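Visitor: Mind having a look at this structure? Questions to follow.
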Amino acid sequence: MPWPLELGLDTDVDLLLVSPAFYWSTEYTILGGNYAFYVVPTLATKLYGLGNSLESDTDAGGLGDTYVQPLSLGWHNPRYDISLGVGVYLPTDKYDADENDNIGLGFFTGQAQLSGYCFLDET
């Protein structure tokens with residue numbers, strides 16, 4: 001098998017984005033888990049160009065869809081951490097189905113999230 005692995009996919013990356021996560025963990029507990037919430041705004045711009053030269057399309061940039069998770073619970077133990085949360089993606093940028101310069105997706109959608117970590121040694 002040759003390296004690097006070539007899959008033969010025809011791809012084109014035409015979006016540059018930054019999504020900083022603002023997370024706040026509180027001292028409050030619900031069902032024994034620490035309550036937290038977070039917001040993840042998306043700042044994005046369309047790119048165009050040839051070769052290694054990329055330029056930004058300033059008309060197709062700005063705040064993209066924003067993820068808000070108002071409920072995040074975390075349980076912590078010396079051997080594991082578990083987190084459970086629910087949130088929603090908000091269509092906070094312009095969207096027009098007849099245009100091709102959309103940054104957002106133009107609809108609301110929910111997300112349930114479960115994560116965990118197991119510590120293999122005593123900490």
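The values are calculated or read from the model by the stated rules, or taken from the named source; none is laboratory data. Worth saying up front: this structure is predicted, and the values here are computed from it rather than measured. When we count neighbours, we look across all protein chains shown, and the Cβ atoms used for this are built from the backbone with ideal geometry, even at glycine.
Visitor: Tell me, please, whether a residue that is at pLDDT below 60, outside any strand (DSSP E or B) and β-branched (V, I, T) can be found in the range 8-20.
Guide: yes
Visitor: May I pose another question? Restricted to the range 92-117, and to residues that are within 15 Å of L17 (Cβ to Cβ) and either part of a strand (DSSP E or B) or of a type outside the set (V, I, T) (or both), which residue is modelled with the lowest pLDDT?
Guide: D101
Visitor: How about the range 62-73: which of its residues are closer than 20 Å to Q113 by Cβ and at pLDDT below 90?
Guide: Of everything in the range 62-73, those that are closer than 20 Å to Q113 by Cβ and at pLDDT below 90 turn out to be G64, D65.
Visitor: May I ask you to say which residue of G87, G64 is surrounded by 12 or more Cβ atoms within 10 Å (Cβ to Cβ), closer than 20 Å to L16 by Cβ and among the small types (G, A, S)?
Guide: Answer to the check: G64.
Visitor: Does the range 41-57 contain at least one residue that is under 16 Å from G87 (Cα atoms), of a type outside the set (G, A, S) and modelled with pLDDT of 90 or more?
Guide: Within the range 41-57, one or more residues are under 16 Å from G87 (Cα atoms), of a type outside the set (G, A, S) and modelled with pLDDT of 90 or more.
Visitor: Within the range 74-107, how many residues are within 19 Å of F119 (Cα to Cα) and in contact (Cβ under 8 Å) with a residue 12 or more places away in the chain? Even if it seems obvious, please write down each step before you answer.
Guide: Going residue by residue through the range 74-107, those that are within 19 Å of F119 (Cα to Cα) are 74-84.
This time we only want the ones that are in contact (Cβ under 8 Å) with a residue 12 or more places away in the chain, so: 74-76, 78-84.
Final tally of qualifying residues: 10.
Visitor: Looking at (1) surrounded by 14 or more Cβ atoms within 10 Å (Cβ to Cβ); (2) of a type in the set (S, T, Y); (3) modelled with pLDDT of 90 or more, find the lone condition where Y28 falls short.
Guide: With (1) surrounded by 14 or more Cβ atoms within 10 Å (Cβ to Cβ); (2) of a type in the set (S, T, Y); (3) modelled with pLDDT of 90 or more applied to Y28, the lone miss is (1).
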